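The values are calculated or read from the model by the stated rules, or taken from the named source; none is laboratory data. On a predicted model such as this, the values are computed, not experimentally measured, just so you know. Quick reminder, even Gly has a Cβ in these numbers, built from the backbone with ideal geometry, and neighbours come from all protein chains shown. With ligands, DNA and RNA removed, areas are computed over all heavy atoms of the protein, side chains included. Shrake-Rupley method; radii C 1.70, N 1.55, O 1.52, S 1.80 Å.
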Amino acid sequence: MQDKHMLMIPGPTPVPESVLLAMAKHPIGHRSGDFSQIIGEITENLKWLHQTQNDVLMLTTSGTGAMEAGIINFLSAGDRVLVGNNGKFGERWGKISRAFGLEVEEITAEWGKPLDPEAFKTKLEADTDKSIKAVIITHSETSTGVLNDLQTINSYVKAHGEALIMVDAVTSLGAVNVPMDEWGLDMVASGSQKGYMIPPGLGFVAVGPKAWKAYETATLPKFYLDLGAYKKATDKSSSPFTPPVNLMYGLQVALEMMKAEGLEAMFTRHQRLTQATRAAVKGLGLSPFAADEVASYAVTAVMPSTVEAEAIRSTMKKEFDIALAGGQDHLKGKIFRIGHLGFVSERDVLTAIAALEATLQKLGHQGATSGAGIAAASQVFKS
Ligand SMILES: *Cc1c(COP(=O)(O)O)cnc(C)c1O
């Protein structure tokens, strides 16, 4: 049926109708006074979302562009960096860092397991001559549905005193607490098609004072992603290049929606969606890939044993027009992932679970009583 497609993937995420309508306007001049007003308003609200008084800059890139900007503006070739790698996106931090000639040391964990903060502590404490310039981690590892313990890792970075803490918050911002100023995060990268409830195309980089200090001496070449230019323009409610005007109309409305809901309520909603999804998956006789204590609030990965993950995905798509995400790299065909990030309500989770249950029955999955998934999710939503 036309227009019944339901996105339950961790990006792009669903977009509210009011955001879609806001984008369906004729673009105006990006140097006009009217647009300058919009940039000013959006920038203030982005600071609210990041819980910061520092700078939040908008780039016309995907999330990876924001990550790259975070690397090339504050570091120099040959700089020693500690990179956390426990999935596809942690691995990407390593790839970007190596592409720009940084000296990368990776702290790894098996996919599906969290990074061990003590491993960071050991490396940082051993670094008495302070040669580590940055610790770079993925907060919510979307490829496996694991939330890394940013707060504890950051406390060890703070004890080190010299290294910057750089964070991919692409699927944590807006879903869990990422208080930039309170924790003293130096660089936070994110992207529009995740928690922001708008389509792909905007990258965001939040920059703290210590990172700006590093910017003064950083020597990697940069032009389009030179954040100094973005700061100068943003301070005047402007942008250095033509921004995606219509996406920003959408962002303006999306941020208003977030403010109306409130940060605490947003975090609670994502927590409930996560708990209900995980309870339902267990009720259906399947196992969430990551442990409860380290669950991402954006996405739940599931490794089915009795039915093929790809058969589940294709049946969900074909029979119910619901998109689930698959596994990446060595997890391709082994897991499927249910996104519950951004514009997602309890009704959406109930719908997806009901369809998943019907799908499992179709595929001959044994081991769950009829209705067990919905019963488990409802139990979470009851409280
Ligand atoms: C989606 C995502 C990104 C950015 O990916 P793009 O395709 O470049 O937008 C980065 N990190 C994480 C954890 C993500 O989920």
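Things worth noting here:
- Set GLY228, GLY174, GLY161: member being in the same structural domain as SER97 (by TED's automatic domain parsing), on the phi > 0 side of the Ramachandran plot and away from the ligand (no atom under 16 Å from the Cβ): GLY161
- Residues satisfying the stated conditions in region 191-219, i.e. open to solvent by 40 Å² or more (accessible area, probe 1.4 Å) and within 16 Å of the ligand (Cβ to nearest atom): PRO200
- Of the criteria (1) in contact with a Pro (Cβ under 6 Å, 6 or more places away or on another chain); (2) within 11 Å of the ligand (Cβ to nearest atom), which one THR152 fails: (2)
- Residues of region 89-107 satisfying the condition of being open to solvent by 40 Å² or more (accessible area, probe 1.4 Å) and within 16 Å of the ligand (Cβ to nearest atom): GLU91, ARG92, LYS95, ALA99
- Filtered residues of region 6-37 (kept if under 17 Å from MET197 (Cβ atoms) and away from the ligand (no atom under 16 Å from the Cβ)): MET6, PRO16, GLU17, SER18, VAL19, LEU20, LEU21, ALA22, MET23, ALA24
- Per-region count, region 197-233, residues more than 18 Å from ASP55 (Cβ to Cβ) and not small (Gly, Ala, Ser): 9
- Of all residues in region 220-230, those satisfying the criterion of being open to solvent by less than 60 Å² (accessible area, probe 1.4 Å) and either more than 17 Å from ARG80 (Cα to Cα) or among the aromatic types (Phe, Trp, Tyr) (or both) are LYS222, LEU225, ASP226, LEU227, GLY228, ALA229, TYR230.
- GLY112 being surrounded by fewer than 16 Cβ atoms within 10 Å (Cβ to Cβ) and at positive phi: no
- When every residue of region 151-172 is checked against the conditions, at least one turns out to be closer than 30 Å to GLU17 by Cα and open to solvent by 10 Å² or more (accessible area, probe 1.4 Å).
- Number of residues in region 1-24 that are of a type in the set (Val, Ile, Thr) and assigned to a helix (DSSP H, G or I) equals 1.
- Residue in region 285-297 that is buried (at least 21 other Cβ atoms within 10 Å of the Cβ), farther than 22 Å from ALA169 by Cα and over 20 Å from the mean Cα position of the chain (by Cα) present: yes
- Residues in region 355-366 that are open to solvent by 70 Å² or more (accessible area, probe 1.4 Å) and touching a residue at least 12 places away in the same chain (Cβ under 8 Å): LYS362, GLN366.
- Put simply, of ASP186, ASP168, ASP181 the only residue that is modelled with pLDDT of 95 or more and within 11 Å of the ligand (Cβ to nearest atom) is ASP168.
- Residue tally, condition under 13 Å from ALA99 (Cβ atoms) and under 23 Å from the mean Cα position of the chain (by Cα), over region 76-87: 2
- In region 123-147, the residues that are in a helix (DSSP H, G or I) and touching a strand residue (DSSP E or B) at 6+ places or on another chain (Cβ under 9 Å): LYS123, LEU124
- Count of residues meeting criterion [in contact with a strand residue (DSSP E or B) (Cβ under 6 Å, 6 or more places away or on another chain) and surrounded by fewer than 20 Cβ atoms within 10 Å (Cβ to Cβ)] in region 327-346: 0
- Taking region 316-326 as the range and being touching a residue at least 24 places away in the same chain (Cβ under 8 Å) and open to solvent by less than 20 Å² (accessible area, probe 1.4 Å) as the test, the residues that pass are MET316, ILE322, ALA323, LEU324, ALA325.
- Filtered by the rule that a residue be under 15 Å from SER140 (Cβ atoms) and either outside the structural domain of ALA218 (by TED's automatic domain parsing) or free of Cβ contacts under 8 Å to residues at least 40 places away in the same chain (or both), region 93-112 gives a lone residue, ALA109.
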